[in-house]
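Chemist: One structure, pasted below without further comment.
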Amino acid sequence: MNSDIITPVLMGVMLGGLYALIANGLSLVFGVMRLINLAHGDLVILGSYLAYAILTLFGLDPVIGLVISVPVMFCLGFLIQKYLMSRAFAISTETPLIIAFGISLIIQNANQIAWTPLSRAVNTTYAQESFFIGGLQLPLIYLFDFIAGIVVMVLLHTFLKGTYLGRAITAASQDKRAAQLMGINTNRVYGYAFAIAMISAAIAGVFLGMTFPFTPTSGTSFLTIAFGTVIIGGLGSTLGTFIGGIILGVFQTLGGYFFGSAAQMLVVYLIVLIILAVRPQGLLGSRG
Amino acid sequence: MTSSEAQLEIKNIDVFHGTFQALWNVSLEIRRGEMLALIGANTSGKSTLMDTISGLLHPVNGTVEFEGTDISRLDCHDIVGLGITQVPEGRRVFPDMTVHDNLMIGSYRPCARSKTKPNLEKVYGLFPILKERRRQIARTLSGGEQQMLAIGRCLMADPRLMLIDEMSLGLAPIVIDDLFKALKKIRETGVTILFVEQNVKRTLQETDRAYILETGRVTLNGTAAELREEAKIKKAYFGIEECD
């Protein structure tokens, strides 16, 4: 085996950690509320801009800056669910989709006004460094992406399985009516689920901002990546999302290696299409 | 009969599904510690009545009083907190959770959490098979076991009034016997039980009293013995097949 190919495979695996990080929130909100949150990509980018602001205004390391951005995003998520989505759900099932699209446009335009359409990056010293493994040189930030992906996956999994609130979120996602009959305030649980999805968006935003440059409209392409990740991994499985992210990452970098960077996403979406046809519930998803 | 005190009192309720009126001026009384049945054909309004007590639906007119409190405007989660829990039709266990996790969801309300351990013992004592299968995913259980799990999950909420909707639907007679035995034991611990059935004959063997619902109205009520006589004479009038 050509040793050249190991580099894109490793890069893809580590990039997959970032993709899983981005997809977690989308998967959680869809799994619990059956809402395709079209604003998710933009909320992640909002997280990137928050990290950028915290770094440039306060000179605070963006990872430490999470102590500011996480509560902000948590509250934002809870308010969006409580004052917009839950009311939209009362109207019809399509209304929240339109609301989500509206939130997406508002965030994109607000970011344009606040930060101009120019490309930004969260530049930390370690974001440009490299590490060496077996004679290969790889970007250090990719390793951090992968580690963050694992950490968030484990935290989310532990939260959903091990706490009363987490179990209530899982229960409400499996059978809303039965959850209500067991004394779960499903509206409040939805609020927390959305808020937790926003926490993961805040974390994803930080690492995305350190890995790639971003503009106010970058959210759309990362929403698409998050969709692919969730489709491959299957809904309702945190491990599935992680594996989905890795598969997507590896096929992207391998696609770039074999067919050039113009074709890399084409390869990714072919894989998504094949998985949709062969195993529509995703690799680790439960049968609907 | 421990006492004739009314634990739940429903007075002249009208309940709608959108523009369709499902219950018409329905009144009903449940006494503390009794086992009461609601009998009626499909679409007679039995499940609507259960959902109204549980707070999933709210009456347009009339009141629902539980232990002296008007609960007709309260939400479902608050009503569970007061001590009324429903075992829904079709069991509706959480399919992708283990037996144990399903039971833990039952004790979600803060008032039930402190009693999680003794209640879990109680449920496992009542249905030992659930203890054996506590690590199993709920969807892989048999229908009877799922019904046991649904009842067990309800008991974890520490209810004083249990509502059970169509418990025996689709289950083998021998399983139904076991479930009724369990209900008797639950009742002996002081829990009031209201249950909905289509199986008239069986129901009248098991309960103290029953209400007959027809197209959203209470047409008859009385002790099980009285209704058995009535049923023999007026089988056609009930419009219900004896499906045992």
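The values are calculated or read from the model by the stated rules, or taken from the named source; none is laboratory data. Small disclaimer: the values here were computed from a predicted structure and weren't measured. When we count neighbours, we look across all protein chains shown, and the Cβ atoms used for this are built from the backbone with ideal geometry, even at glycine. The accessibility values were calculated without ligands, DNA or RNA, using every heavy atom of the protein model including side chains. Shrake-Rupley method; radii C 1.70, N 1.55, O 1.52, S 1.80 Å.
Chemist: Examine the range A:141-161 for a residue that is part of a helix (DSSP H, G or I), in contact with a Lys or Arg (Cβ under 9 Å, 6 or more places away or on another chain) and surrounded by 14 or more Cβ atoms within 10 Å (Cβ to Cβ), and state whether such a residue exists.
Modeler: yes
Chemist: In addition: Mind counting the residues in the range B:1-55 that are assigned to a strand (DSSP E or B), open to solvent by 70 Å² or more (accessible area, probe 1.4 Å) and more than 21 Å from B:ILE71 (Cβ to Cβ)?
Modeler: Counting residues in the range B:1-55 that are assigned to a strand (DSSP E or B), open to solvent by 70 Å² or more (accessible area, probe 1.4 Å) and more than 21 Å from B:ILE71 (Cβ to Cβ) gives 1.
Chemist: Related question: Residue under question is B:VAL123, and the condition is that it be over 21 Å from B:ARG187 (Cα atoms), more than 13 Å from every other protein chain (Cβ to nearest Cβ), hydrophobic (A, V, I, L, M, F, W, C) and open to solvent by less than 50 Å² (accessible area, probe 1.4 Å); does it hold?
Modeler: Judged against the criteria, B:VAL123 is not a match.
Chemist: Looking only at the range A:232-267, which residues are among the small types (Gly, Ala, Ser) and away from every other protein chain (no Cβ under 14 Å)?
Modeler: Within the range A:232-267, A:GLY233, A:GLY244, A:GLY245, A:GLY249, A:GLY255, A:GLY256, A:GLY260, A:SER261, A:ALA262, A:ALA263 meet the criteria.
Chemist: Going by the structure shown, is B:ARG139 in contact with a helix residue (DSSP H, G or I) (Cβ under 6 Å, 6 or more places away or on another chain), closer than 18 Å to B:ARG92 by Cβ and part of a helix (DSSP H, G or I)?
Modeler: Here the answer is no, as B:ARG139 does not meet what is asked.
Chemist: Return a yes/no flag: does the range A:236-256 have any residue that is out of contact with any strand residue (DSSP E or B) (no Cβ under 8 Å at 6 or more places or on another chain), open to solvent by less than 60 Å² (accessible area, probe 1.4 Å), at positive phi and of a type outside the set (Phe, Trp, Tyr).
Modeler: No, the conditions are met nowhere in the range A:236-256.
Chemist: Separate question: With respect to the numbered conditions (1) open to solvent by 10 Å² or more (accessible area, probe 1.4 Å); (2) of a type outside the set (Gly, Ala, Ser); (3) within 11 Å of chain A (Cβ to nearest Cβ); (4) more than 29 Å from B:ASP177 (Cα to Cα), which one is the sole condition not fulfilled by B:ASP70?
Modeler: (3)
Chemist: Kindly evaluate B:ILE164 against the criterion of being among the β-branched types (Val, Ile, Thr) and free of Cβ contacts under 8 Å to residues at least 40 places away in the same chain.
Modeler: The answer is no for B:ILE164.
Chemist: Restricted to the range B:79-99, and to residues that are within 13 Å of A:ALA179 (Cα to Cα) and surrounded by fewer than 23 Cβ atoms within 10 Å (Cβ to Cβ), which residue is nearest to the other protein chains (Cβ to nearest Cβ)?
Modeler: Per the criteria, the residue is B:ARG92.
Chemist: All but one of (1) in contact with a Cys (Cβ under 8 Å, 6 or more places away or on another chain); (2) over 24 Å from B:SER114 (Cβ atoms) hold for B:MET162, so report the exception by its number.
Modeler: All conditions are met except number (2).
Chemist: When you scan the range A:102-113, do you find a residue that is without any contact (Cβ under 8 Å) to a residue 60 or more places away in the chain, open to solvent by 30 Å² or more (accessible area, probe 1.4 Å) and on the phi > 0 side of the Ramachandran plot, even just one?
Modeler: Looking through the range A:102-113, none of the residues is without any contact (Cβ under 8 Å) to a residue 60 or more places away in the chain, open to solvent by 30 Å² or more (accessible area, probe 1.4 Å) and on the phi > 0 side of the Ramachandran plot.
Chemist: Moving to a separate point now. State which residue pairs qualify: first residue under 20 Å from A:VAL230 (Cα atoms) and inside the range A:129-155, second residue open to solvent by 70 Å² or more (accessible area, probe 1.4 Å) and assigned to a helix (DSSP H, G or I) in any location, beta carbons under 8 Å apart, and separation of 6 or more residues or different chains.
Modeler: Note: pairs meeting the criteria are A:MET153/A:LEU239.
Chemist: (1) touching a Phe, Trp or Tyr at 6+ places or on another chain (Cβ under 9 Å); (2) within 13 Å of chain A (Cβ to nearest Cβ); (3) more than 18 Å from A:ALA178 (Cβ to Cβ): which one isn't true of B:ARG134, the others all being true?
Modeler: (2)
Let's see how each residue does on (1) closer than 21 Å to A:ASP61 by Cα; (2) away from every other protein chain (no Cβ under 14 Å); (3) modelled with pLDDT of 95 or more:
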position: A:THR125; (1), (2), (3): yes, yes, no
position: A:PHE131; (1), (2), (3): yes, yes, no
position: A:GLY134; (1), (2), (3): no, yes, no
position: A:GLY149; (1), (2), (3): yes, yes, yes
position: A:ASP175; (1), (2), (3): no, no, no
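Chemist: Hey, can you tell me all the residues within the range A:176-230 that are outside any helix (DSSP H, G or I), farther than 17 Å from A:ILE103 by Cβ and open to solvent by 20 Å² or more (accessible area, probe 1.4 Å)?
Modeler: Scanning the range A:176-230 gives A:ASN185, A:PHE212, A:PRO213, A:THR215.
Chemist: With the structure loaded, tell me whether B:ARG202 is part of a helix (DSSP H, G or I), out of contact with any Leu (no Cβ under 9 Å at 6 or more places or on another chain), closer than 22 Å to B:SER44 by Cα and at pLDDT below 85 or whether it fails that test.
Modeler: Yes: the conditions hold for B:ARG202.
Chemist: Restricting attention to the range B:142-162, does a residue exist that is assigned to a helix (DSSP H, G or I), of a type in the set (Asp, Glu) and either more than 8 Å from chain A (Cβ to nearest Cβ) or surrounded by fewer than 20 Cβ atoms within 10 Å (Cβ to Cβ) (or both)?
Modeler: Yes: the range B:142-162 contains one or more residues that are assigned to a helix (DSSP H, G or I), of a type in the set (Asp, Glu) and either more than 8 Å from chain A (Cβ to nearest Cβ) or surrounded by fewer than 20 Cβ atoms within 10 Å (Cβ to Cβ) (or both).
Chemist: Those residues that are β-branched (Val, Ile, Thr) and more than 16 Å from A:THR124 (Cβ to Cβ), I need them from the range A:42-66; list them, please.
Modeler: Answer for the range A:42-66, where residues must be β-branched (Val, Ile, Thr) and more than 16 Å from A:THR124 (Cβ to Cβ): A:VAL44, A:ILE45.
Chemist: Quick check on the range B:186-200. Is at least one of its residues open to solvent by less than 10 Å² (accessible area, probe 1.4 Å), in contact (Cβ under 8 Å) with a residue 40 or more places away in the chain, on the phi < 0 side of the Ramachandran plot and among the hydroxyl-bearing types (Ser, Thr, Tyr)?
Modeler: The answer is yes; a qualifying residue exists.
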